[in-house]
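The next block holds one structure in the form of C-alpha cells; read it before the comments.
Bear in mind that the values in this text are calculations on the coordinates, not laboratory data. All figures in this text were calculated on a predicted structure; none of them were measured in a lab. Note that we place each Cβ from the backbone using ideal geometry, even for glycine, and neighbour counts take in every protein chain shown.
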Amino acid sequence: MKTTRIRIGLLYTENTPSIAVEDENNYWAEAIEDDNGFLYRAKGVTVDITEAELKNVIANPRLYYFSTALRLHVRLKNAGGLPVPA
C-alpha cells in the first residue's frame, strides 16, 4: 500500500504545516494506492477513486472549477465528511 499525503486547498493555500490554515477548504488528505484499488481519505471519510483521479489530485490539489480536487471535495461532503456551508 502506498499513501501520499496531500495539502488540499484554494489556489494560494500554504503547504507549510506550521502556518497552514485548517478550514473547510484547506485541509490534509491522503491518496491511497492499494492492491484492491484506489482510495481518497480526508476528515475521517474514505471514498473510492479511480487511478486517474489519484494521479490528478496528487498533481494538482487545488480547489477550483473542474479540478479533480474539487470533485473529490464535493464527494467527501456528500459522504458526510466535510461541513456544508450555511
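Take the Cα of K55, step 7 Å toward its Cβ, do the same at S67, and the gap between the two points is 2.0 nm. If every alpha-carbon in region 2-78 counts as one equal scatterer, what log10 I(q)/I(0) does Debye give at q = 0.12, 0.24 1/Å? Each listed q maps to, in turn, -0.29, -1.15.
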